[in-house]
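The values are calculated or read from the model by the stated rules, or taken from the named source; none is laboratory data. Quantities reported herein were computed from a predicted structural model and do not represent experimental measurements. Note that each Cβ is placed from the backbone with ideal geometry, even for glycine, and that neighbours are counted across all protein chains shown.
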Amino acid sequence: MPNEWRNKWALVTGASAGIGVALATELAAGGTHLLLSARRRDRLEALAQTLKKVHTIETEVFAADLADRDAPEKIFSFAKQKGLDIELLVNNAGLMGTPYCQTADGLELQMATNHFGHFALTGLLLERIVTTERSRIVTVSSHMHRIGRLHLDDPAGTTRRDTWVTYGTSKLANLLFTLELSRRLNAAGLPTRAVAAHPGWTRSNLAGNGAALGPSRVRRKLARTAGTTLGQSTASGALPVLCAATSPAVHNGQYVGPARAFGLAGPPRLAHPSRRARDEQAAAALWAASEELTGVRDMVAFPA
């Protein structure tokens with residue numbers, strides 16, 4: 001990792017499991033101070049203590065569920081109270097394969113967690129982030145963004161309750177958000193880079209955790225077995241995200257993923273998003289809808 005990240009602060013969401021843990025470990029090994037966020041405080045505290053002891057870095061933890069409307073504001077307030085100047089934000093938290101469910105605010109659960117929560121968190125933190133040439137916002141997408149279909153007139157997801165298409169849509173939203181954010185950063189002449197990454201097919205409990213929210217014991221068992229035995233390791237899956245976060249060769253608006261097996265495994269390289277993920281009109285429309293649904297507007301005084 002470039003030495004410029006030593007003694008700087010990074011915020012990693014979804015840091016209690018999977019590639020979140022692997023990414024936090026790699027960042028800590030490079031001397032980066034960490035604010036770790038996820039739903040499980042016990043796991044966050046255990047990881048923070050280990051990283052602090054092994055790598056002699058500073059750590060803070062804040063437990064929050066990004067599906068909750070007030071979670072981004074609470075994370076932002078905590079960082080502000082602690083005086084943390086976040087120069088790297090990794091939007092990594094996510095749900096995958098959950099049965100149809102609405103949040104208390106009437107949003108489909110996967111979209112609320114994977115996109116809207118991170119949109120709001122980024123917007124609240126951005127003024128503290130856009131300070132240096134090195135600062136970055138990395139949003140973790142998925143190869144499955146290719147099956148996503150955006151329906152902005154139905155944020156509750158009531159018209160199409162397909163678990164996996166909805167997941168793909170949330171990952172498509174991650175890429176459209178990055179596209180529009182990178183455009184706005186450029187237009188405003190700000191140095192921060194907005195980039196995206198995907199881990200390929202990685203062994204984790206993400207799919208199993210999603211299935212665990214449903215009633216089928218068979219589905220839960222199959223999903224957990226597949227999630228924990230197939231694909232590359234979480235350390236390997238974290239490499240494209242680490243590359244997006246730290247490599248000086250990665251530029252604003254780019255997308256990083258594994259190089260081999262049709263983007264499912266291997267070392268990181270620049271990836272090519274789908275045509276839908278490159279739709280500038282869709283990106284602008286998603287941005288407007290996200291402002292309306294989260295109440296987070298005017299991240300900075302960006303030109304339209």
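Some values worked out for this structure:
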{"quantity": "Residue in region 279-291 that is of a type in the set (S, T, N, Q), modelled with pLDDT of 95 or more, surrounded by 17 or more Cβ atoms within 10 Å (Cβ to Cβ) and not in a strand (DSSP E or B) present", "calculated": "yes"}
{"quantity": "One residue from THR158, THR169, THR122, THR103 being more than 20 Å from ALA71 (Cα to Cα), polar (S, T, N, Q) and surrounded by fewer than 24 Cβ atoms within 10 Å (Cβ to Cβ)", "calculated": "THR158"}
{"quantity": "All positions within region 155-181 that are among the acidic types (Asp, Glu) and touching a helix residue (DSSP H, G or I) at 6+ places or on another chain (Cβ under 7 Å)", "calculated": "GLU180"}
{"quantity": "Residue among PHE62, PHE78 that alone is part of a helix (DSSP H, G or I), at pLDDT 95 or above and not acidic (Asp, Glu)", "calculated": "PHE78"}
{"quantity": "Residue identified as out of contact with any helix residue (DSSP H, G or I) (no Cβ under 8 Å at 6 or more places or on another chain), crowded, with 22+ Cβ neighbours inside 10 Å and under 27 Å from GLU45 (Cα atoms) among ALA71, ALA112, ALA67", "calculated": "ALA112"}
{"quantity": "Yes/no for ILE86 being within 12 Å of the chain's Cα centre (by Cα), of a type in the set (A, V, I, L, M, F, W, C) and on the phi < 0 side of the Ramachandran plot", "calculated": "no"}
{"quantity": "Which listed residue, of ALA28, ALA93, is assigned to a helix (DSSP H, G or I) and among the hydrophobic types (A, V, I, L, M, F, W, C)", "calculated": "ALA28"}
{"quantity": "Every residue from region 96-142 that is part of a loop (DSSP other than H, G, I, E, B) and of a type in the set (Asp, Glu)", "calculated": "ASP105, GLU133"}
{"quantity": "Filter pass, ALA226 being of a type in the set (A, V, I, L, M, F, W, C), modelled with pLDDT under 95, in a helix (DSSP H, G or I) and under 18 Å from the mean Cα position of the chain (by Cα)", "calculated": "no"}
{"quantity": "Test result for ASP65, within 28 Å of SER170 (Cα to Cα) and of a type in the set (D, E, K, R)", "calculated": "yes"}
{"quantity": "Hey, LEU152 buried (at least 16 other Cβ atoms within 10 Å of the Cβ), at pLDDT below 95 and either out of contact with any helix residue (DSSP H, G or I) (no Cβ under 8 Å at 6 or more places or on another chain) or not in a helix (DSSP H, G or I) (or both) or not", "calculated": "no"}
{"quantity": "Selection within region 77-100 - surrounded by 20 or more Cβ atoms within 10 Å (Cβ to Cβ) and of a type in the set (A, V, I, L, M, F, W, C)", "calculated": "ALA79, ILE86, LEU88, LEU89, VAL90, ALA93, LEU95, MET96"}
{"quantity": "Every residue from region 240-260 that is hydrophobic (A, V, I, L, M, F, W, C) and either at pLDDT below 95 or surrounded by fewer than 18 Cβ atoms within 10 Å (Cβ to Cβ) (or both)", "calculated": "ALA249, ALA259"}
{"quantity": "Scope region 155-190; condition over 30 Å from GLU133 (Cα atoms) and in a helix (DSSP H, G or I); matching residues", "calculated": "THR163, TRP164, VAL165, THR166, TYR167, GLY168, THR169"}
